[in-house]
Amino acid sequence: MLKEYLKEIDRKQEKLCGLSDRIWDCPETAFGEFKSEAALLEFFKSEGFEVKEKVYGVETAFTAEYGSGSPRIGILGEFDALSGLSQMAGVVEKQAAQPGACGHGCGHNLLGAGAAAAALAVKKYLEDGHMGTVIYYGCPGEEGGSGKAFMAKEGAFQDLDGALTWHPATVNEVNKDSSLANFQILYQFHGTSAHAAGCPEMGRSALDALELMNIGCNFLREHMMDAARVHYAITDTGGYSPNVVQDQAKAIYLIRAPKVGQAYDLMERVHKIAKGAALMTETQEEHEFIKSCANVVSNRVLEKVLYEAMKEVGVPVYTEEEYDLAASYTATVPQAGSQTYEKIIADHMIPEHVKFLREKRKSRFYDFIIPYEEIHQISSGGGSTDVGDVSWMCPTAQINAATWAPGTPGHSWQAVAQGKSSTAHKGMLYAGKSIALAAMMLMEQPELLKEARAEFDQEFEGQKYIPIPEEVKPRAMNQIG
Ligand SMILES: [Zn+2]
């Protein structure tokens, strides 16, 4: 019965794929996504949602809401791109559309439009006299911006009974992975300039301080937990003249650990190293908080509902041409590309699941659903996502849908090239339908939401969320430092 409402997605298929393609055509990075946001706003207004712009203190954040009362289900949409990844669509070789420009290397054009598809079908259900509210969150600045963490600090997501989202991928699965919490900090050193040969004793080098800080952090690695990560980018070396003692130097640090509290403690240790470097060089150190994001704590009750929905909707059917095209993209990826799939197999404990996955290893396209197992592994590396912050505000779960050929790495030219393909569109609509069906199943069975909330309360008992400090505002990457 509920599946009837998914037909709304089929009816509006062209409009939804057009929306995704339009966002692909104007790739914009964190907190500068004005055209992409405009495309989404236009869509939601035309579909009769109540739209609120510039919400939660973020210029390009918005909500699109429909319905009334409980339950309140949030659907998260992203739409930002990555710098330097410009690529022609549908071309099976690295070829920039505009050299040096941005590109949708993480498929957030699909993510935003697929999540919009889900909201559309749930609206249809609510129009039919069902109680509840669906809220689409237009979440900017996922890449390097932690947009959702900025939204969370202003109170977003807390009034939800559940939040659902998805990500483009090479496989169809419930994404139960954790992610690393992180803190991004700008460190600056101030010294005294002098002639580097004539009167070096008069100079105090900020660049020396920065180098010593980096060395100190490299020694720190031996004495931090295995899963933690510390990396830096030197953004200012104090000029390019070796005959001047550099009076200024800057680096952006990204400090990560499996849990937000662990990442916070590690950041405090990095602060001490920076202070020590300043002391050694008689320079001054200052640091500035740029952003942070929390680790994902996925909700098992919601995951199981998503898995049921994915099976119920059923994976799309592909043509021979689509399989062939996928195979040609896979052929461009070095051997290492299959590691993602091997990791998925390694994460499975039930023998028949492992057997099934091994049999499917050589598929030209992963046109099946990865079996769900309830065991959650603690993340031992990998990246971070600001979906983590949402997962600390309300029960949250996510799926991945196959939009890319096997082996396609995230943030690659192959991912950009496939972003407007028919397989990408099919995966996007499949994700939208699965999320919509899961949302409707939850609205039909409020006891599931109660269970999800109980799991959430138990999971976070005694744990403290560390919000981004009050005075810190979202900034585009090129405005930092
Ligand atoms: Zn992404």
request  = Determine the distance separating the Cα centre of the range 143-182 from the Cα centre of the range 348-427; give it in Å without decimals.
outcome  = 15
inquiry  = Just to check I understand the Karplus step: with θ = phi - 60° and J = 6.51 cos²θ - 1.76 cosθ + 1.60, what whole-Hz values come out for the range 404-417, glycine and proline as x?
reply    = 10, 5, x, x, 4, x, x, 6, 10, 5, 4, 5, 5, 4
key: Using alpha-carbon coordinates, inclination of helix 320-330 to the longest axis of the chain, degrees   = 20
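For the range 334-448, divide the Cα radius of gyration by the Kirkwood radius and give the resulting Rg/Rh value with two decimals.
Values: Rg = 16.0 Å, Rh = 16.5 Å.
Dividing the radius of gyration by the Kirkwood radius yields 0.97.
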note = Sorted by chain and then number, the residues having a modelled amide H within less than 5 Å of the amide H of GLN87, at least 5 places away or on another chain, are ALA97, GLN98
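Could you work out the relative contact order of the range 181-293? I mean the mean sequence separation of Cα pairs under 8 Å and 6+ apart, divided by the number of residues, in percent.
It comes to 46 percent, rounded to a whole number.
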remark   = For LYS124, the aspartates and glutamates lying under 17 Å Cα to Cα, once residues fewer than eight places off in the same chain are dropped, come out as GLU4, GLU8, ASP10, GLU47, GLU50, GLU65, GLU444
task = Please tell me the relative contact order of the chain in percent, rounded to the nearest whole number, where contacts are Cα pairs under 8 Å and at least six residues apart.
result = 25
key: Cβ-based charge dipole, the chain, positive-most Cα from VAL301, PRO71, GLN248   = VAL301
request  = Between the alpha-carbon centers of the range 251-330 and the range 1-57, tell me the distance in whole angstrom.
outcome  = 25
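Among 43-55, 143-155, how do they line up from the highest to the lowest mean number of other beta-carbon atoms within 10 Å?
On the way: 43-55: 15.9, 143-155: 23.8.
So the peptides 43-55, 143-155, ranked by packing, come out 143-155, 43-55.
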remark   = Mean projected area (nm²) from the convex hull of Cα positions in the range 1-152 is 9.4
Per-residue [θ]222 nm for the chain (sum of -39500 (n - 2.57) over DSSP H runs n ≥ 4, rounded to 500) = -12000 deg cm²/dmol
Crossing angle, helix 108-127 versus the chain [Cα axis fit, 0-90 degrees, rounded to tens] = 40
request  = Any chance you could give the angle, 0 to 90 degrees and rounded to 10, that helix 13-25 forms with the longest Cα principal axis of the chain?
outcome  = 10
remark   = Log entry: pair-distance distribution for the chain, C-alpha pairs binned every 20 Å from zero, whole % per bin is 24, 54, 20, 3, 0
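In this model, which of LYS15/LYS426; LYS259/LYS464; LYS15/LYS176; LYS12/LYS420 are farther than 21 Å apart at the alpha-carbon? Intermediate results must be reported in sequence, preceding the final value.
Details: LYS15/LYS426 13 Å; LYS259/LYS464 11 Å; LYS15/LYS176 31 Å; LYS12/LYS420 17 Å.
Listed pairs above 21 Å: LYS15/LYS176.
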message = Can you tell me which lysines have their Cα less than 21 Å from the Cα of LYS250? Leave out same-chain residues fewer than eight positions away.
response = LYS272, LYS275, LYS291, LYS473
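Just so you know, all these numbers are worked out from the coordinates, no wet-lab data involved. Given the structure is predicted, the values throughout are model-derived calculations rather than measurements. Positions of Cβ are generated from backbone atoms using ideal geometry, with glycine treated the same way; all protein chains shown enter the neighbour counts.
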